[in-house]
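Report on one structure; see the data block that follows.
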Amino acid sequence: MKKWIIGSLIGAIIMFGWQGLSWMVLNIHKDAAKYHPAQDSIVNYLSSTITEEGAYMMPTGKPGSSMKDHQEMMKQMEGKPWVSLIYHKSFKDHMVMSMVRGFLVNFIIVLLLVVLLTKGGLPNFMGVVTGTLSVGVITFLWGPYMGHVWYDLPWGMIRGDMLDAVVAWGLCGVWLGWWLNKK
């Protein structure tokens, strides 16, 4: 159990460290949130018309619309612009708590991975690395890539997530493969 905890703690540090590098130093997520020169007027307009925080897709059918109404709207929208928007009423800088929660989530997922990998006996180094990379690819495909599929997200928005999945999970897999198999 001690080996699992230490392995998971160092694995979480590796994952967290890569996330910091990829977002703050290497800037591989730069296309995930682009600058717009009219952002102040756009935000002011949205603030004057949106009263509730939430995620919006515009246009979309009114609540209770029939499937037929929805299909007609889709036909009318063909070739026209649309917007996906997350609206918050007030900006709050909660970076410290986000970082704490992020690290704790990394620790939990690495610990769960260690439990999963060792449940039927300890795989060799390559078994741990490929198992860990598989989890990274699965999480990318199920999360960011499915957003790309269903919401036609620009590839630039999720390219950084793909690199994160391969590099962070790969590094974590190399660490866990060495650590868990260390005599």
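Annotations
- Only Lys, Arg (+1) and Asp, Glu (-1) charged, at Cβ; the range 54-105 dipole about Cα centre in debye: 120 debye
- In a DSSP loop and with at most 16 other Cβ atoms within 10 Å, the trypsin sites (Lys or Arg not before Pro) in the range 46-121 are LYS89, LYS92, LYS119.
- The number of Lys pairs in the chain with C-alpha atoms less than 17 Å apart, excluding pairs fewer than 8 positions apart on the same chain, is 7.
- Here the Gaussian network model covers the chain, with springs between Cα atoms less than 10 Å apart; of GLY64, GLY11, GLY102, GLY64 fluctuates the most.
- Among complete DSSP H helices in the chain, those whose alpha-carbon atoms stretch at least 30 Å along the helix's long axis and whose mean Kyte-Doolittle hydropathy reaches -1.0 are 95-118, 155-181.
- R0 of 35 Å, Cβ-Cβ distance TRP82-VAL166: FRET efficiency to nearest 0.05: 0.70
- Angstrom value of the Kirkwood radius, inverse mean 1/r, which spans all Cα pairs in the range 77-127: 15.5 Å
- Take the Cα radius of gyration of the range 82-183 and divide it by 2.2 N^0.38 Å, N being the number of residues; the result is 1.32.
- Dipole magnitude for the range 41-183: about 440 debye, using +1 per Lys or Arg Cβ and -1 per Asp or Glu Cβ, origin at the Cα centre.
- Under 5 Å between amide hydrogens, built in the peptide plane, is the criterion, and for TYR56 it picks out LEU85, ILE86, TYR87 among residues at least 5 positions away or on other chains.
- The value of relative contact order for the chain, using C-alpha pairs under 8 Å at least six residues apart, is 38 percent.
- Alpha carbon centroid spacing (whole Å) that separates the range 69-116 from the range 1-36: 17 Å
- Among ILE108, ILE50, ILE28, residue whose mean-square fluctuation peaks in a GNM of the chain (springs only between Cα atoms under 10 Å): ILE50
- Residues PHE16, PHE125, sorted so that the one with the fewest Cβ neighbours within 10 Å comes first: PHE125, PHE16
- Per-residue ellipticity at 222 nm from helix content only, as computed over the chain with -39500 (n - 2.57) for each DSSP H run of at least four residues, stands at -20500 deg cm²/dmol.
- Kirkwood radius for the chain, taken over all pairs of different Cα atoms as the inverse mean of 1/r, rounds to 19.5 Å.
The numbers here are math on the coordinates, done by the rules we state, and not lab data. Predicted, not measured: the structure shown is a model, and the values here were computed from it. Don't worry about glycine lacking a Cβ; one is built from the backbone with ideal geometry, like all the others, and counts go over all protein chains shown.
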